[in-house]
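I have placed the structure first, in the form of structure tokens, so that the comments after it can refer back to it.
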Amino acid sequence: EVQLVESGGGLVQPGGSLRLSCAASGFSFSSYSMNWVRQAPGKGLEWVSFIGSMTLYAESVKGRFTISRDNAKNSVFLQMNSLRADDTAVYFCARDGGLGPSFCSGGTCYSRSFDIWGQGTMVTVSS
Amino acid sequence: DIQLTQSPSFLSASVGDRVTITCRASQGISSYLAWYQQKPGKAPKLLIYAASTLQSGVPSRFSGSGSGTEFTLTVSSLQPEDFATYYCQHLTTYPLFGGGTKVEIK
């Protein structure tokens, strides 16, 4: 079964750090780009970060969050530093399914639609 | 950055209704658009990619159309399991989402 499972969420104080993990199974992980998406309580979806041939970050997390992957462990990670109250959200990892055409510009190709999602892990930033 | 505006934000409908949700992009994005369905407490589910291609396993009552700056998601005959929130997403550089449309039971 194709599956993504997030872990590492929890309660952290403002200014603190947290590292999220997403374990993949059931597919050739190294062949796929990955994303992190978050959803604040009662709010909509917010794309956070992408890792493919390059990494990308939303403006709201740039300089504070770092995405990485370990293909040997079939995992993608999100290191979150200098956390703020507005980072409180459920964090989902999601696979770029390689479906349809990819937008390419300047020799760089970007993410396609997200076909597989994890169940999410809750991050609460509060004192 | 390209912004996506969904309308309406809320929609009240009955089982069997035909429902259409619109997503407008602040600049042309060709067909680089996806639609997702999300139910409370669950992860989103991909419905449509490349603006009009139905994801495998998604019922044929869902359809997508449009290109450039205006896109629509249509449910031809709303079923009880379709009451959810729907999001569009553009897939050019930063894959940002629209604000969502909540479809509620009338």
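One table, with the values for the structure above:
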| item | result |
| --- | --- |
| Positive-end residue, chain B charge dipole about Cα centroid, Cβ charges, pick of B:LEU4, B:GLN55, B:THR92 | B:GLN55 |
| Label-point separation in nm, B:LYS39 to A:SER82, each point 7 Å along Cα→Cβ | 4.1 nm |
| For segment A:1-55 and segment B:45-77, distance of Cα centres in Å | 25 Å |
| Dipole of segment A:1-92 [Lys/Arg +1, Asp/Glu -1 at C-beta], most positive-end residue of A:PRO41, A:SER68, A:SER25 | A:SER68 |
| Projected label distance in nm at A:SER30 and A:LYS73, using a 7 Å step from Cα toward the beta-carbon | 1.7 nm |
| Under 18 Å from B:LYS39, Cα to Cα: aspartates and glutamates that are on another chain or at least 8 residues apart | A:GLU46, A:ASP115, B:GLU81, B:ASP82, B:GLU104 |
| Chain B, dipole about Cα centre (Lys/Arg Cβ +1, Asp/Glu Cβ -1), debye to the nearest 20 | 160 debye |
| Neighbourhood net charge (15 Å Cβ-Cβ; Lys/Arg +1, Asp/Glu -1) for B:TRP35 | +3 |
| Given charges at beta-carbon only (K, R positive; D, E negative), |dipole| of the protein assembly as shown in Debye | 140 debye |
| Average other protein chain Cβ within 10 Å of Cβ, residues A:41-47 | 4 |
| Packing-based order for A:52-59, B:23-30, using average beta carbon neighbours within 10 Å, highest first | B:23-30, A:52-59 |
| Residues B:SER77 and A:MET54, FRET efficiency given R0 of 41 Å [Cβ-Cβ distance, rounded to 0.05] | 0.45 |
| Within 10 Å of each Cβ in A:93-101, the average number of Cβ atoms from other chains | 4 |
| Where a label projected 7 Å from the Cα of A:GLU46 along Cα→Cβ would reach, residues of segment A:54-75 with amide N under 18 Å | A:56-67 |
| For segment A:78-127: relative contact order, % (alpha-carbon pairs under 8 angstrom, 6 or more apart) | 47 percent |
| Label zone at B:SER26 (point 7 Å along Cα-to-Cβ), backbone N below 15 Å, segment B:54-72 | B:69 |
| Average other protein chain Cβ within 10 Å of Cβ, residues A:115-122 | 3 |
| B:SER56 versus A:GLN119: modelled label distance in nm, points set 7 Å from Cα along the beta carbon direction | 2.4 nm |
| Those lysines that a straight Cα-Cα span of less than 21 Å connects to B:LYS42, excepting residues fewer than 8 apart in one chain | A:LYS43, B:LYS102 |
| Electrostatic dipole magnitude of segment A:1-117 [Cβ: Lys, Arg +1; Asp, Glu -1; Cα centre; debye, to 20] | 200 debye |
| B:ARG61 accessible area, 1.4 Å probe, all protein chains in place, Å² to nearest 10 | 50 Å² |
| Relative contact order (percent, whole number), chain B, Cα cutoff 8 Å, 6+ residue spacing | 38 percent |
| Segment A:50-84 residues near the modelled A:ALA23 label - backbone nitrogen below 12 Å, point 7 Å along Cα→Cβ | A:73-76 |
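The values are calculated or read from the model by the stated rules, or taken from the named source; none is laboratory data. Nothing here was measured: the structure is a model prediction, and the numbers come from that model. All Cβ positions, even for glycine, are placed from backbone atoms using ideal geometry, and neighbour counts span all protein chains on display. Accessible surface is based on the protein model in full, side chains and every heavy atom, while ligands, DNA and RNA are left aside. Shrake-Rupley method; radii C 1.70, N 1.55, O 1.52, S 1.80 Å.
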